[in-house]
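The structure appears right after this line, and notes come after that.
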Amino acid sequence: MEFTIYNHQDTRSGFGAGLAELGKTNPKVVALCADLIGSLKMDEFVKNHPERFFQVGISEANMIGMAAGLTIGGFIPFTGTFANFSTGRVYDQIRQSVAYSEKNVKICASHAGLTLGEDGATHQILEDIGLMKMLPGMTVIVPCDYNQTKAATIAIADFEGPVYLRFGRPKVPNFTPEDRPFVIGKADLLKEGSDVSIFATGHLVWKAIEAIALLEAEGINAELINIHTIKPLDDEAILASANKTRCVVTAEEHQQNGGLGDSIAQLLGRKLPLPIEMIAVQDIFGQSGTPEQLLAEYGLESVDIVAAAKRAISRK
């Protein structure tokens, strides 16, 4: 199966485009940023709606508290900063003021994972999905490209409840059709197959697309599903695919502990015990390097997905 690449764009720009669209269509949407307007691509929203924008400076905990307060007035706040600062630095505020209080805050996090690149381990948070999915009532979304990030940004404004939206810095293939609707909690079947199910999220979806082409060249028919919503997980789609292929591979730019693979393994353990292989970071911090160097160093490339698929198939 061939996928059309419309262009190469960073997913953070998809967030900026979605926020700009919301600025025009939803007067309840307000935005807050912790001194990173350019990095979060919030410029257009700030320019066109300065009265609905709050620059809090390097004060992320205060930003979360302000966002929670704004919901009481009926606003829909979108907070923006790097994923490390969006979660690790302000976890207590998110837990108490947003999740426990059931506030309608949209926590939008850029520069997630290893592909932050040269900024190094201190900024490459690889635990954020786990931190956020463990909070009761928190929805966790990790779109795969520019178009899907834009669509997800627009969709979460109409969703009632706290949301963690994770996206990244590097330019990646933009292959999701612009008019494809984004349905929270509903996985995207990208290719049907019969030999192995590959469940991928975020930047690793394109790596998985490359992997299924390599597998096809070897006569292996892989099924590929984009799990853009980590929580709530699309149990029905995952179980249907796994029941058909009888073995599973997960792929993500995150620690293995607490990530997508962890969620799918729990589901399969309860409902359908099958061989599973996980492509993820293996209990280690990141380091400085280009995105591609780091993906290769930590075993998150398409060839690694291919090898995992073969291992899973051999364990049937």
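The values are calculated or read from the model by the stated rules, or taken from the named source; none is laboratory data. Not measured: the values here are computed from a predicted model. Cβ coordinates were reconstructed from backbone atoms using ideal geometry, including for glycine residues, and neighbour counts include every protein chain displayed.
Each row is one residue, and each column tells you yes or no for (1) among the β-branched types (V, I, T); (2) in a strand (DSSP E or B).
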site: A208; (1), (2): no, no
site: E216; (1), (2): no, no
site: E223; (1), (2): no, yes
site: A240; (1), (2): no, no
site: K244; (1), (2): no, no
site: T250; (1), (2): yes, yes
site: H254; (1), (2): no, yes
site: N257; (1), (2): no, no
site: S263; (1), (2): no, no
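Given the options D128, D92, D119, D158, name the one that is within 19 Å of E21 (Cβ to Cβ) and either outside the structural domain of D35 (by TED's automatic domain parsing) or charged (D, E, K, R) (or both). Talk me through it step by step, then tell me what you get.
Details: D128 fails: within 19 Å of E21 (Cβ to Cβ); D92 fails: within 19 Å of E21 (Cβ to Cβ); D119 fails: within 19 Å of E21 (Cβ to Cβ).
Just a single option satisfies the conditions, and that option is D158.
Inside the stretch 219-243, can you point out the residues that are among the hydrophobic types (A, V, I, L, M, F, W, C) and over 13 Å from A309 (Cβ atoms)?
In the first step, residues of the stretch 219-243 are kept if they are among the hydrophobic types (A, V, I, L, M, F, W, C); the result is 220, 222, 224-225, 227, 230, 233, 237-240, 242.
Listed by number, the residues that qualify are I225, I227, I230, L233, A237, I238, L239, A240, A242.
How about the stretch 1-82: which helices (runs of 4 or more DSSP H) wholly inside it have at least 2 residues that are over 19 Å from V98 (Cα atoms) and charged (D, E, K, R)? It would help to see each step written out before you state the result.
On the way: elements: 11-25, 43-48, 60-72.
Of the helices (runs of 4 or more DSSP H) lying wholly inside the stretch 1-82, those with at least 2 residues that are over 19 Å from V98 (Cα atoms) and charged (D, E, K, R) span 11-25, 43-48.
Go through the residues of the stretch 263-274 one by one and say whether even a single one is within 30 Å of T153 (Cα to Cα), touching a helix residue (DSSP H, G or I) at 6+ places or on another chain (Cβ under 9 Å) and polar (S, T, N, Q).
yes
What residue, among those in the stretch 287-316 that are part of a helix (DSSP H, G or I) and small (G, A, S), is nearest to the chain's Cα centre (by Cα)?
Filtering the stretch 287-316 for residues part of a helix (DSSP H, G or I) gives 291-297, 302-314.
Then drop every residue that is not small (G, A, S), which leaves 296, 302, 307-309, 312, 314.
On the way: A296: 20, S302: 18, A307: 24, A308: 21, A309: 22, A312: 24, S314: 30 Å.
So the residue we want is S302.
What is the one condition in (1) closer than 15 Å to G113 by Cβ; (2) touching a His at 6+ places or on another chain (Cβ under 9 Å); (3) surrounded by 24 or more Cβ atoms within 10 Å (Cβ to Cβ); (4) not aromatic (F, W, Y) that K171 does not satisfy?
(3)
If I filter the stretch 247-264 for residues that are surrounded by fewer than 17 Cβ atoms within 10 Å (Cβ to Cβ) and in contact with a strand residue (DSSP E or B) (Cβ under 8 Å, 6 or more places away or on another chain), do I get at least one hit?
Taking the stretch 247-264 first, the residues surrounded by fewer than 17 Cβ atoms within 10 Å (Cβ to Cβ) are 257.
Next, only the ones that are in contact with a strand residue (DSSP E or B) (Cβ under 8 Å, 6 or more places away or on another chain) stay: none.
No: zero hits.
Restricting the search to the stretch 71-89, which residues are aliphatic (A, V, I, L, M) and buried (at least 20 other Cβ atoms within 10 Å of the Cβ)? Before the answer, list the steps.
Restricting attention to the stretch 71-89, the residues satisfying the condition of being aliphatic (A, V, I, L, M) are 72, 76, 83.
Hits for the stretch 71-89 are I76, A83.
Among the numbered criteria (1) of a type in the set (S, T, Y); (2) surrounded by fewer than 22 Cβ atoms within 10 Å (Cβ to Cβ); (3) assigned to a strand (DSSP E or B), which single criterion is violated by S194?
That leaves (3) as the condition not met.
Among the listed residues I212, I225, I230, which satisfies the condition of being more than 27 Å from Y164 (Cα to Cα) and out of contact with any Pro (no Cβ under 6 Å at 6 or more places or on another chain)?
On the way: I225 fails: more than 27 Å from Y164 (Cα to Cα); I230 fails: more than 27 Å from Y164 (Cα to Cα).
None of the others qualify; the one that does is I212.
Looking at the stretch 279-290, can you tell me whether even one residue there is buried (at least 21 other Cβ atoms within 10 Å of the Cβ) and under 25 Å from R246 (Cβ atoms)?
First pass over the stretch 279-290, keeping only residues buried (at least 21 other Cβ atoms within 10 Å of the Cβ): 279-281, 286.
Okay, now just the ones that are also under 25 Å from R246 (Cβ atoms), so 279-280.
Yes.
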